[in-house]
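**Q** Submitted below is the structure of interest, expressed as structure tokens.
Values in this text are rule-based calculations from the coordinates and carry no lab data. Because the structure is a prediction, the values reported are computed rather than measured. We place every Cβ from the backbone using ideal geometry, glycine too, and count neighbours over all the protein chains shown.
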Amino acid sequence: MLRPAVRLYDDLTQILRLCLSGPFDPSAASSGLIGLLARAADVPDFATLDAFLGETQTKVRASFNRILGARSDDVRASR
């Protein structure tokens, strides 16, 4: 789970660094950039990419908690 997540984050980060000089704003981004990001993640569109990133972040967090143990603020948030 962690290796594919790192690859995904790295691919998306590198595209954004090459294509933008400032922060990424999906509502102002060109359709070409949106399409490139979706293709880099091998998903059909940006809405799917957004959902996929959320799922990936949740899985990465769960992996870190399983490997390193939950932090005290994570434990409090889950109550």
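**Q** Considering only segment 46-72, how many residues are part of a loop (DSSP other than H, G, I, E, B) and surrounded by 12 or more Cβ atoms within 10 Å (Cβ to Cβ)?
**A** Taking segment 46-72 and keeping what is part of a loop (DSSP other than H, G, I, E, B), we get 69-71.
Next cut, surrounded by 12 or more Cβ atoms within 10 Å (Cβ to Cβ) only: 70.
Selection size over segment 46-72: 1.
**Q** Those residues that are outside any loop (DSSP other than H, G, I, E, B), closer than 17 Å to R7 by Cα and without any contact (Cβ under 8 Å) to a residue 12 or more places away in the chain, I need them from segment 27-45; list them, please.
**A** A38, R39, listed by residue number.
**Q** Restricting to segment 2-26, name every residue that is surrounded by 10 or more Cβ atoms within 10 Å (Cβ to Cβ) and part of a loop (DSSP other than H, G, I, E, B).
**A** Within segment 2-26, L20, F24, P26 qualify.
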